[in-house]
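First the structure, in the form of structure tokens, and then the observations on it.
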Amino acid sequence: MLTEILRVRHVVLDMDGTIYRGSRLFDCTLRFLEQLQSLGIGYTFLTNNTSRGKADYVEKLRGLGIRVHEQQIYTSADSTIAYLRRSLPAVKRIAVLGTPSLCRQFEGAHFVVDREAPQAVIVGFDTTLNYERLCRAAYWIREGLPFIGTHPDLVCPTDEPTVLVDCGAICACLAAATGRSPILLGKPDPAILRGLSEQLQVPVSDIAVVGDRLYTDIAMAQKAGAISVLVLSGEATAKEADAMPQSPDLVVPDIGVLGKLLGDARNRASQ
């Protein structure tokens, strides 16, 4: 594993369950980010959560004490926009089951959010969802319009006594009602990491993906050929990681331990 650790030039970090839980920043997070900077390793926050826009994430992270710019935020909405441009270039009008901030991101990318005459249906993590909008989206999906989910997550992690029904679960509801399955983007689709790799101009093989979910973060890293690092501060357990056909490259309790490993490896290599 030392060879892989020494190869890391950029770290792609999941957020909820990796650097914070709900509204609580993990104690090791700020120190870890300082370590990356001191080692000359860049970092990007990559999330499937499309309930917030990039500006919202910047505001949240700065509120937690993390100084970050929008260029350091990459979401499954970015990969959805890239997919539409690449695979459905004629689509300009979209019906969106998503928050106002998600709609603004699509509008900023020159799409028209239109529930009356859309050319495709986009489903995100819609914390503003109501029954009328859900039924209208189901109608357009049943009519045969492209049906695209920004990511497959069934629930969003939270430290509150509730279950946050996420994009994958909303898509499952629509699939049951219409008999049609969605195209699901975001993690674990390796295209999202490859797109970020091109933007960063860093080979995927030199990127460490750090996250708490086996079926999104780790699966994406393995499919793309990146270094996979599972943290046990969120959803997955060490037992679940051991049961995988291909285990993560590294399993650590939290990002603080990863920071120590990165620092120690470079110290040994320089001696």
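List of remarks:
- Neighbour-count order for L102, L145, L61, fewest beta carbons within 10 angstrom listed first: L145, L61, L102
- Point-to-point label distance, A90-T162, nm (Cα→Cβ direction, 7 Å offset): 4.2 nm
- Normalised contact order of the chain, rounded percent, pairs of Cα under 8 Å and 6 or more residues apart: 21 percent
- Highest to lowest packing among 237-244, 213-220, scored as the average C-beta count within 10 Å: 213-220, 237-244
- Helix 29-39 and the longest principal axis of the C-alpha atoms of the chain enclose an angle of approximately 60°.
- Net length gained if the chain between Q71 and Y215 were fully extended (0.36 nm per residue, minus Cα distance): 49.3 nm
- With the simple spin-label model, which puts each label point 7 Å out from Cα in the Cβ direction, the R142 to R31 separation comes to 5.7 nm.
- The phi torsions of segment 58-67, fed into the Karplus equation with coefficients 6.51, -1.76 and 1.60 and a -60° offset, translate into couplings of 4, 5, 5, 5, 5, x, 8, x, 9, 7 Hz, rounded to whole numbers, with Gly and Pro shown as x.
- With all projection directions averaged, the alpha carbon convex hull of the chain covers 14.5 nm².
- Applying 0.36 nm per residue to the separation of N130 and C173 and subtracting their alpha-carbon distance, the gain on full extension is 14.2 nm.
- Sites R180 and T3, calculated FRET efficiency, Cβ-Cβ separation with R0 45 Å, nearest 0.05: 0.50
- Cα-based helix-to-principal-axis angle, 76-87 vs the chain, degrees rounded to 10: 60 degrees
- Charge sum, other residues only, whose C-beta stays under 12 Å from G256's C-beta, Lys/Arg counted +1 and Asp/Glu -1: -1
- If R0 equals 30 Å, the separation of the Cβ atoms of Q199 and S38 corresponds to a calculated FRET efficiency of about 0.80.
- Based on Cα atoms of segment 1-57, Rg over Rh with Rh as the Kirkwood radius reads 1.01.
- Fraction of alpha-carbon pairs over 23 Å apart in segment 154-271 - percent: 44 percent
- Using only side-chain charges placed at the Cβ, +1 for Lys and Arg and -1 for Asp and Glu, the dipole size of segment 77-184 relative to its Cα centre rounds to 520 debye.
- Ellipsoid equivalent to segment 77-184 - semi-axes via the Cα gyration tensor, in Å: 21, 16, 13
- Dividing the summed -39500 (n - 2.57) terms of all DSSP H runs of n ≥ 4 by the residue count of the chain sets its mean residue ellipticity at 222 nm at -12000 deg cm²/dmol.
- Partners for K239 among lysines (Cα-Cα distance below 28 Å; same-chain residues under 8 apart left out): K187, K223, K260
- Using R0 = 45 Å, the C-beta based FRET efficiency linking Q271 and E59 works out to 0.60.
We did not get these values from a lab; they are worked out from the coordinates using the rules stated. Please read these numbers as outputs of a predicted model, since none were measured by experiment. No Cβ is skipped: glycine too gets one built from the backbone with ideal geometry, and neighbour counts run over all protein chains shown.
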